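Working notes, structure below.
The values are calculated or read from the model by the stated rules, or taken from the named source; none is laboratory data. Just so it is clear, the structure is predicted and the values come from calculations on it, not from any experiment. Please note: Cβ atoms are built from the backbone with ideal geometry, for glycine as well, and neighbour counts cover all protein chains shown.
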Amino acid sequence: MGYLRRPNYYKNFKCISSKCTDSCCQEWEIDIDDETLQFYMQVEGEFGDRLRKNIKVPSGRSDIEWKSEKLKREELEDEDSEEIETAHFIQTKDERCPFLNNCGLCDIFIHLGEEHLSQICTHHPRFYDWFLKGEEAGLGLCCEEAARLILQKSGYPKFEFIEDDENDTNNIANPEDEDLLFQKEIEQMLFDMRDKLFGIIKPEIDMNQDEKMQKLYEAAVRFQDEYDDVMFPICDDDLKSEEGNGGKNAVSMKAPKWSAQFWNQEFLESLTEFYLTLEINDENWWKLLCDIRKNLPEILNRRNEFLKYYENNLFEYEQLMIYFIYRHFMKARNDDALFEKIVFALISTNFIQILNIYEWMLNGRITQKTQINICKLYSKEIEYDEENMEQVSLYMSSN
Ligand code: SF4
């Protein structure tokens with residue numbers, strides 16, 4: 001039986017369109033998938049002309065006849081495996097999609113209907129991940145309406161589990177295939193580990209956030225060891241040399257007091273410096289990071305006072321940990337880096353708390369709206385920037 005898993009709040013998402021204070025149709029280059037591009041090229045009349053005028057053809061391919069774009073792309077992909085740039089809308093001077101009108105509505109939606117939006121416009125902010133027996137979906141924190149749903153108090157992570165046989169590879173693959181059986185075993189192992197992580201985060205457990213984070217960190221070290229033992233079993237010779245240096249599991253024994261190490265000025269200075277070296281998409285993010293760096297001693301001094309002020313909303317940090325782990329942990333099946341996925345969830349959640357403390361220091365309070373904007377800004381700058389995520393990955397694995 002195949003399945004589709006998604007958070008309970010997923011079905012409640014509806015783009016708030018003109019009410020959104022930060023439309024996803026600005027600042028980002030919006031790609032157009034081949035099928036939609038072909039359709040746009042055939043739209044007649046004034047609107048068709050406007051469409052074509054505002055679409056950028058992939059560089060070096062001005063000879064391409066638009067109507068056979070998909071065919072040519074397939075030929076090129078066969079000839080040359082290098083990545084091929086995708087067509088996209090040409091942004092206006094103020095970095096908006098040229099079809100985002102002054103009322104904050106989409107002219108393509110209005111003229112051609114929702115079914116003719118580019119895939120990315122239809123799906124955003126939803127994300128998907130495919131497994132051997134099913135699919136997972138979720139909503140991304142970079143969208144303010146999605147952030148509102150993610151931050152809601154939901155208690156123990158709740159997911160809908162919908163039967164969906166189309167997603168079951170058992171229908172197409174040989175059930176005796178050993179590689180496939182091994183992959184299934186690994187997937188199941190990771191799913192079980194993720195459930196244990198959710199079990200640590202769940203609100204019913206009587207531990208504060210720092211204690212939960214410590215448990216999650218210890219689990220990260222242990223799970224990475226367990227995973228490596230299955231994926232990369234060590235031979236007798238390796239075992240002997242391990243004995244010489246205290247043994248492989250010595251790493252787990254040495255799991256440091258993670259929360260204490262994080263809430264330390266030196267570490268936070270280096271983390272903020274690191275974020276400043278990444279690609280910055282919004283100048284406000286850069287300014288905020290500079291302010292954080294300057295005010296770190298006071299942020300650290302006043303954290304306990306802040307936690308008291310925010311005690312009725314501390315569940316938001318649990319919601320964030322659940323979000324980051326749900327979204328990123330299972331990607332470890334592609335790069336074997338379980339540890340860094342968990343540490344990313346911890347650091348991201350805590351960094352959002354730092355931004356919260358600073359906001360509270362400045363304005364004496366945090367409204368739901370500011371919290372949503374802070375989460376959205378972090379997600380856009382870090383989580384939704386592929387290059388930044390690559391750098392973060394390297395950083396997490398070494399910290
Ligand atoms: S950011 Fe979210 S709510 Fe705002 S326009 Fe985009 S999808 Fe809609």
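Starting from residues that are within 30 Å of ASP165 (Cα to Cα), modelled with pLDDT of 85 or more and part of a loop (DSSP other than H, G, I, E, B), keep the ones in segment 1-30 and report whichever is farthest from the ligand (Cβ to nearest atom). Break it down into steps so the answer makes sense when it comes.
Looking only at segment 1-30, we keep the residues that are within 30 Å of ASP165 (Cα to Cα), and these are 1-15.
Now restrict to residues that are modelled with pLDDT of 85 or more: 2-15.
When the remaining residues are screened for being part of a loop (DSSP other than H, G, I, E, B), the result is 2, 13-15.
Values: GLY2: 28, PHE13: 8, LYS14: 8, CYS15: 3 Å.
Only one residue fits best here, namely GLY2.
In summary, LYS11 fulfils each of the numbered conditions (1) surrounded by 16 or more Cβ atoms within 10 Å (Cβ to Cβ); (2) within 30 Å of LEU132 (Cα to Cα) with the single exception of condition (1). Please state which one of GLY155, GLY140, GLY134 is touching a residue at least 40 places away in the same chain (Cβ under 8 Å) and within 13 Å of the ligand (Cβ to nearest atom). Selected residue: GLY140, the only one of GLY155, GLY140, GLY134 that is touching a residue at least 40 places away in the same chain (Cβ under 8 Å) and within 13 Å of the ligand (Cβ to nearest atom).
Applying the criterion of being away from the ligand (no atom under 11 Å from the Cβ) and among the hydroxyl-bearing types (Ser, Thr, Tyr) to the residues of segment 116-131, the residue that is nearest to LEU181 (Cα to Cα) is TYR128.
Residues that are exposed (fewer than 12 other Cβ atoms within 10 Å of the Cβ), modelled with pLDDT under 65 and either closer than 27 Å to GLN209 by Cβ or not assigned by TED's automatic domain parsing to the domain that holds LEU377 (or both) occur at least once in segment 241-256.
Taken over segment 275-327, residues that are under 16 Å from LEU377 (Cα atoms) and outside any helix (DSSP H, G or I) amount to 5. Scanning segment 31-59 for residues that are surrounded by fewer than 14 Cβ atoms within 10 Å (Cβ to Cβ) and not in a helix (DSSP H, G or I) yields GLU44, SER59. Examine segment 176-197 for a residue that is closer than 26 Å to ASN304 by Cα and either at pLDDT 95 or above or in a helix (DSSP H, G or I) (or both), and state whether such a residue exists. So far as segment 176-197 goes, yes, one or more of its residues are closer than 26 Å to ASN304 by Cα and either at pLDDT 95 or above or in a helix (DSSP H, G or I) (or both). Within segment 357-385, being within 16 Å of the ligand (Cβ to nearest atom), part of a helix (DSSP H, G or I), closer than 17 Å to TRP286 by Cα and not charged (D, E, K, R) holds for ASN373, ILE374, CYS375, LEU377, TYR378, SER379.
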